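Following: one structure in structure tokens, then a few remarks.
The values are calculated or read from the model by the stated rules, or taken from the named source; none is laboratory data. Every value quoted in this text rests on a predicted model; they were computed, and no experiment measured them. Cβ placement follows ideal geometry from the backbone for every residue including glycine, while neighbour counts extend to all protein chains displayed.
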Amino acid sequence: METHLPEALLATGEGRAIERALRTCVHCGFCNAACPTYQLLGDEADGPRGRIYLIKTALERGEATAEARAHLDRCLHCLACQAACPSGVPYGELLALALPRIERMAPAPPARRALARLITAALGRRGRARALLAVARALRPLLPPALRCRLPARAPAPAWPPPRHAARAVLPAGCVQEAAAPGIDAAAARLLDALGIGPVRPDGDAGCCGALHEHLGQRAAARALARQNVRAWAPLLTDGTPLLMTASGCAAHVRRYGALLAGDPELAEDAARVAAAVRDPVELLEPHAGRLAPAPGVPRRIACHEPCTQRHALGLAGRLTTLLARAGFETVPVPEPHLCCGSAGAWSLLHPRLAARLRARKLERLSAGAPELIATANIGCLLHLQAAAPVPVRHWLEVVAPR
């Protein structure tokens, strides 16, 4: 793609990276075939190729329209396009570098900004998320059906095994998952313990990884959370100790901490070390697949929903399905496994109608093989799918057990 970016932008490292990304695009359109919003809406501007052109035009002209901003806001950031691109356009990096500039040119409407602030204020802190869920459960009969069906059932936090192993894995608490489904991390802790790895829960102020804030354009808050977490986690990551993130969306974001804090003179080195230590549970448990089995009482016939963050951002496409098959499950084929379910962090709250259409399409694919259970790897996908799924939806760590 030919570009004519302003000299002032090209004088910066970020500007040159944007130019390289834009010039990598050859307009082939393979990305559109993989894009969920393009498949739904059929509008060139709602596909990756069109969005790249909108970014190029805005940066060259130094201005962006509200219409262009709306098309960019509808992007799920699922990165299916990046995985499909034969030219290797770094679409995720392009969005991360270009969107802050475009958002300054065309700020979001006040109502959207207020909703974004409300979402991060309510869900971005573990204590607030717990309190919000408690209030919502108390008011459950009064809630609209669309909200009532998404409300997770109350679940007590199961006990963790006591520390007793020399090998360790740091297992940080998050925000939404820890409040809505504390059993997921407890299941991970029990699995690690049975395999001879001691789970370590960091103390202190560490919590939300900042992914919600980053996706909603609150980048200063996202960096502040990254700094807080790096200070809490880095001292624990000695001698190759992994940082186990049981929500794939969090894992994908924390792997960007090195880039997010590259300009921080105090924390850049520790941030890079934290990012390099991140492991998805699949990566940690694959060598032990022969020692895993379906948990008692769990159906054996399952469909696996591999989240976009796991498939594309972490580059683990197919590996969760393979691991569960090796553990003894009958994993049914899922057509179009790359399709996003429509959760995409806070995207489903900002675009509920599109999210519902994407969920219906995803559930149709997941149900094609008549599974008795859907297993996934991200709390956002779990809650979103669970609201309309014909069978139970569980985090995969809760449905496996040591042999």
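A compact table of results
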item: Failed criterion for P86 (all others in (1) under 22 Å from A317 (Cα atoms); (2) part of a loop (DSSP other than H, G, I, E, B); (3) within 23 Å of the chain's Cα centre (by Cα) hold); result: (3)
item: Residue check, L72 buried (at least 19 other Cβ atoms within 10 Å of the Cβ), assigned to a loop (DSSP other than H, G, I, E, B) and not assigned by TED's automatic domain parsing to the domain that holds P352; result: no
item: Single match in R117, R201 (criterion: surrounded by fewer than 19 Cβ atoms within 10 Å (Cβ to Cβ), under 30 Å from G15 (Cβ atoms) and either charged (D, E, K, R) or at pLDDT 80 or above (or both)); result: R117
item: Residue match in region 84-94 (condition: touching a Leu at 6+ places or on another chain (Cβ under 6 Å) and among the hydrophobic types (A, V, I, L, M, F, W, C)); result: no
item: Selected residue (criterion: farthest from I102 (Cα to Cα)) from residues of region 48-64 that are touching a helix residue (DSSP H, G or I) at 6+ places or on another chain (Cβ under 7 Å), in a helix (DSSP H, G or I) and among the charged types (D, E, K, R); result: R49
item: Residues (in a loop (DSSP other than H, G, I, E, B) and closer than 25 Å to P294 by Cα) located in region 174-217; result: A181, P182, L195, G196, I197
item: In region 246-268, the residues that are out of contact with any strand residue (DSSP E or B) (no Cβ under 6 Å at 6 or more places or on another chain), closer than 27 Å to H165 by Cβ and not in a helix (DSSP H, G or I); result: T246, A247
item: Unique match (being in contact (Cβ under 8 Å) with a residue 60 or more places away in the chain and surrounded by 16 or more Cβ atoms within 10 Å (Cβ to Cβ)) among A64, A80; result: A80
item: T37 being in a helix (DSSP H, G or I), without any contact (Cβ under 8 Å) to a residue 60 or more places away in the chain and not basic (K, R); result: no
item: Restricting region 306-339 to residues that are of a type in the set (A, V, I, L, M, F, W, C), under 11 Å from the mean Cα position of the chain (by Cα) and more than 12 Å from T376 (Cα to Cα), the residue that is surrounded by the fewest Cβ atoms within 10 Å (Cβ to Cβ); result: A313
item: Number of the condition not met by Q228 [criteria: (1) in contact (Cβ under 8 Å) with a residue 12 or more places away in the chain; (2) closer than 30 Å to R113 by Cβ; (3) assigned to a helix (DSSP H, G or I); (4) touching a helix residue (DSSP H, G or I) at 6+ places or on another chain (Cβ under 9 Å)]; result: (4)
item: Elements of type helices (runs of 4 or more DSSP H) in region 309-399, at least 3 residues being among the small types (G, A, S); result: 352-366
item: Qualifying residue in region 44-52 (condition: at pLDDT 95 or above, crowded, with 18+ Cβ neighbours inside 10 Å and of a type in the set (D, E)); result: yes
item: Near pairs, Cβ below 7 angstrom, 6+ apart or cross-chain, from region 323-342 (among the acidic types (D, E)) to any residue that is in a loop (DSSP other than H, G, I, E, B); result: E330/R300
item: Residue tally, condition under 22 Å from the mean Cα position of the chain (by Cα) and polar (S, T, N, Q), over region 58-83; result: 1
